[in-house]
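Input: a single structure, listed below in structure tokens.
The values are calculated or read from the model by the stated rules, or taken from the named source; none is laboratory data. Quick caveat: nothing in here was measured; it's all calculated off a predicted structure. Neighbour counts run over all protein chains shown; Cβ positions are idealised from the backbone, glycine included.
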């Protein structure tokens, strides 16, 4: 009895884990400890390499889910707070942190799942699936600090200057119902059932304090955040983001992703800023374009993913190369305009995912594209600069930005702390 | 350079496949031949077990994607024909068959993907992902035979009596925009990128002849169709469908799934009928119910999945057992009312998937549930009988059927034929 994703051999039972480790034992983990180490003492099956690789430490200087090797699946959601009591917000983030700590270790939410006379603490659909590399990354939106002119929680003075409201960019058709939110949660895992379980249980915990605003499922990653990962293809059939900031590039992480010791405000130190954009691709128009048009639009070859004028994907991008006096990589090619050298050095760590949300009833085309997710030290010198530079991007003919959000991502936490503590405690 | 889903070791390059085998060689496959055999002669990498297991034969007596071990991911779509010319329908099904033959073998659609001055035949996003157990299963809806009173293709007399319009069932809130269609395509694979690529390329091929009507992504299978698969959990956290018809149960397949030699019409012999139902789960209500309520509603224990009164998942369901005079499995429990013994022997082969489609804007709850897919020899004695029996199901309090479709699934085809040939040729 072994299915592909349900192999008993590759995954210890949740029951075995809880019996051996106990719910309380989780509290004893020190920052950075891989809960899998604990697990491997519990059952022989836990020594399995696949399992060890499937657990990402929740605690640390930074939140997980940023430089973590990009998992294959995403469920992103934002929430709006329905309380005016700052204490409620603190309690919510404390409970969310507790739940995320357990879920990322492959344990069910809460400890009361056997009392017949009460609703189970955990909804149960991820039982037996293991941690599946789950990361749960929390962020706060500008509306947490002031909404409709009201400073609900006495936080207005603590809003980071870097947490900007995005300007309107060329070609934006952003839907407010797919944008913003007081709180944001990015759940990434190698199993979409595990992503769903995470968001659903956080929504349950939020009952009475916050409600879901919007969500976006991503069915396949389009970015690599680790040099060992192969660059995936987006729905245009291209490898994009070959020059993404990766975990191994510590200099770039320090200069472009993590908030530093000298940056304001202090509560954001070791945090980051997340920009999400739901980018609808006009696939029918794209698919009618010639291969030459597609390649000139992106600035890479389609099959190999090599910069135009080069042969292999990781060959250097030569923006100065000319052929018969014309630039080999056109002046409006996507990789030229997105290049750091063209945007005053702006670099982003991207974690994008392909999405599809049924059929556009007006065009009868698939409503599909890229859910762009990027982390940066400061959106003003990160996404905003890059996106303004893309105003003349040839790619704009084939895409529309239909959803948007910017969130401050607080630093990571410890086994006794909670995410957001530096802001709220 | 090896990612989890993009390992170069586990998958031969598409280029290598095409060079060695040639597009024309595919036409030489005999029914039932595993294209992987062809592939294994082409490159040493193709001998890899993971790859061989990842390819499902397209040709055969029956279409693939019915008794095929249920893959983890689904993209289902229906199409409406925009032509009144029967010849166009034949050409579409011929082209779709050719494309499905290639895609299920891990090859790109068409052979012209390098001409700079033409749009590539294949959209490219699945390049390098391998076959990923892709199956593409085609069906035809009642509207193919007559739509708005018009017999567009001279097929009205060939409509099977078994291809019924479903009656309205208790609690239905079916949305016409998520129902029916002239043609239906079920793409299942172990990689959602591969499912998306299949539907998107079939939609491209249909341009000018048919348009997409609706689609549904399923992110995780909730059924097993093979005795070697472990029963997965649905979004209620329960194992359902433990008593599903599986591939090994040849008697049940003959009596309940495949259209037989004595059944009318002859063109459906070795075919089947597919019923799809988009079943929204009212998860917030479910999650507020006690464990006892949940278990009595389903008729199984939540953790073990055992029938009430038994200990293990695969223990026999004893519908006659009583405790203090009351039935152990309540009279309105889901597994009682869905049991073949309670529905005049009706059995279905189920291939369901969990879905989530964002947030319901009215309730702020996740729009999520089960995309129910069932195959049967005759819906009148299959799904309709079971569903009518479920009118008093305790589960109805927690679910709403929001989309629906019934499709005739023609028999399989040969390397020189096309799916639908028995109806249209």
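Just checking, does region B:143-162 include any residue being within 14 Å of chain A (Cβ to nearest Cβ), part of a loop (DSSP other than H, G, I, E, B) and surrounded by fewer than 17 Cβ atoms within 10 Å (Cβ to Cβ)? No, that holds for no residue. Here the condition is being more than 30 Å from residue A:357 (Cβ to Cβ) and out of contact with any strand residue (DSSP E or B) (no Cβ under 6 Å at 6 or more places or on another chain); of A:242, A:250, A:303, it holds for A:250 alone.
Does residue A:311 satisfy the criteria of being surrounded by fewer than 20 Cβ atoms within 10 Å (Cβ to Cβ) and away from every other protein chain (no Cβ under 14 Å)? Yes.
Say whether the condition of being under 28 Å from residue B:191 (Cβ atoms), assigned to a loop (DSSP other than H, G, I, E, B) and modelled with pLDDT of 95 or more is met by at least one residue in region A:272-288. Yes, that holds for at least one residue. State yes or no: is residue B:338 closer than 16 Å to residue B:241 by Cα and more than 14 Å from chain A (Cβ to nearest Cβ)? For residue B:338, the condition - closer than 16 Å to residue B:241 by Cα and more than 14 Å from chain A (Cβ to nearest Cβ) - is met.
Flag not set for residue A:351, criterion: in contact (Cβ under 8 Å) with a residue 24 or more places away in the chain, surrounded by fewer than 23 Cβ atoms within 10 Å (Cβ to Cβ) and within 20 Å of the chain's Cα centre (by Cα).
Considering region A:230-239 alone, what residues qualify as being touching a strand residue (DSSP E or B) at 6+ places or on another chain (Cβ under 7 Å), within 9 Å of chain B (Cβ to nearest Cβ) and farther than 19 Å from residue B:75 by Cα? Scanning region A:230-239 gives A:231, A:232, A:238.
For the structure I just gave you, tell me whether residue B:40 is within 14 Å of chain A (Cβ to nearest Cβ), surrounded by fewer than 20 Cβ atoms within 10 Å (Cβ to Cβ) and modelled with pLDDT under 95. No, not satisfied.
With respect to the conditions (1) free of Cβ contacts under 8 Å to residues at least 40 places away in the same chain; (2) touching a helix residue (DSSP H, G or I) at 6+ places or on another chain (Cβ under 9 Å); (3) within 30 Å of residue A:216 (Cβ to Cβ), residue B:327 lacks only one, and its number is (3). The lone criterion from (1) away from every other protein chain (no Cβ under 14 Å); (2) surrounded by 17 or more Cβ atoms within 10 Å (Cβ to Cβ); (3) not in a loop (DSSP other than H, G, I, E, B) left unmet by residue B:194 is number (1). Output yes when any residue across region A:111-133 is farther than 26 Å from residue B:286 by Cβ and either within 14 Å of chain B (Cβ to nearest Cβ) or crowded, with 16+ Cβ neighbours inside 10 Å (or both), and no when none is. For region A:111-133, residues farther than 26 Å from residue B:286 by Cβ and either within 14 Å of chain B (Cβ to nearest Cβ) or crowded, with 16+ Cβ neighbours inside 10 Å (or both): present. Just so you know, in region B:354-388 the residues that are more than 14 Å from chain A (Cβ to nearest Cβ) and closer than 30 Å to residue A:202 by Cβ include one that is nearest to the chain's Cα centre (by Cα), and it is B:373. All of A:301, A:290 fail the test of being within 30 Å of residue A:364 (Cα to Cα) and surrounded by fewer than 19 Cβ atoms within 10 Å (Cβ to Cβ), apart from A:290.
Set side by side, the residues B:211, B:185 differ, and just one is surrounded by fewer than 24 Cβ atoms within 10 Å (Cβ to Cβ) and in a strand (DSSP E or B), which is B:211.
Conditions tested, residue by residue: (1) part of a helix (DSSP H, G or I); (2) in contact with a helix residue (DSSP H, G or I) (Cβ under 8 Å, 6 or more places away or on another chain); (3) surrounded by fewer than 23 Cβ atoms within 10 Å (Cβ to Cβ); (4) at negative phi.
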{"residue": "B:385", "(1), (2), (3), (4)": "yes, no, yes, yes"}
{"residue": "B:390", "(1), (2), (3), (4)": "yes, yes, yes, yes"}
{"residue": "B:400", "(1), (2), (3), (4)": "no, no, yes, yes"}
{"residue": "B:408", "(1), (2), (3), (4)": "no, yes, no, yes"}
{"residue": "B:412", "(1), (2), (3), (4)": "no, no, yes, yes"}
{"residue": "B:416", "(1), (2), (3), (4)": "no, yes, yes, yes"}
{"residue": "B:422", "(1), (2), (3), (4)": "yes, yes, yes, yes"}
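Taken as a whole, the condition of being surrounded by 23 or more Cβ atoms within 10 Å (Cβ to Cβ), within 30 Å of residue A:408 (Cβ to Cβ), touching a strand residue (DSSP E or B) at 6+ places or on another chain (Cβ under 8 Å) and modelled with pLDDT of 95 or more does not apply to residue A:256. Just one of the numbered conditions (1) within 11 Å of chain A (Cβ to nearest Cβ); (2) on the phi < 0 side of the Ramachandran plot; (3) in contact (Cβ under 8 Å) with a residue 60 or more places away in the chain is not true of residue B:305: (2).
Being in contact (Cβ under 8 Å) with a residue 60 or more places away in the chain and either over 23 Å from residue A:183 (Cβ atoms) or within 14 Å of chain B (Cβ to nearest Cβ) (or both) is true of residue A:108.
Residues are listed down the side, and each one gets a yes or a no for (1) within 14 Å of another protein chain (Cβ to nearest Cβ); (2) modelled with pLDDT under 95:
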| residue | (1), (2) |
| --- | --- |
| A:209 | yes, no |
| A:228 | yes, yes |
| A:245 | no, yes |
| A:260 | no, no |
| A:270 | no, no |
| A:301 | yes, no |
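The residue list B:204, B:200 contains one member that is part of a helix (DSSP H, G or I), within 11 Å of chain A (Cβ to nearest Cβ), in contact with a helix residue (DSSP H, G or I) (Cβ under 9 Å, 6 or more places away or on another chain) and surrounded by fewer than 23 Cβ atoms within 10 Å (Cβ to Cβ), which is B:204. Checking every residue in region A:324-334 against the condition of being part of a loop (DSSP other than H, G, I, E, B), within 13 Å of chain B (Cβ to nearest Cβ) and modelled with pLDDT of 95 or more gives zero matches. For region B:56-98, the candidate set comprises residues that are touching a helix residue (DSSP H, G or I) at 6+ places or on another chain (Cβ under 6 Å) and in a helix (DSSP H, G or I); within that set, the residue that is surrounded by the most Cβ atoms within 10 Å (Cβ to Cβ) is B:96. In region B:216-229, the residues that are within 11 Å of residue B:369 (Cα to Cα) form Cβ pairs under 6 Å with partners that are part of a loop (DSSP other than H, G, I, E, B), at six or more places apart or across chains, as follows: B:222/B:232; B:222/B:234; B:222/B:352. In the condition set (1) without any contact (Cβ under 8 Å) to a residue 12 or more places away in the chain; (2) more than 30 Å from residue B:205 (Cβ to Cβ), residue A:270 is compliant with all but (1).
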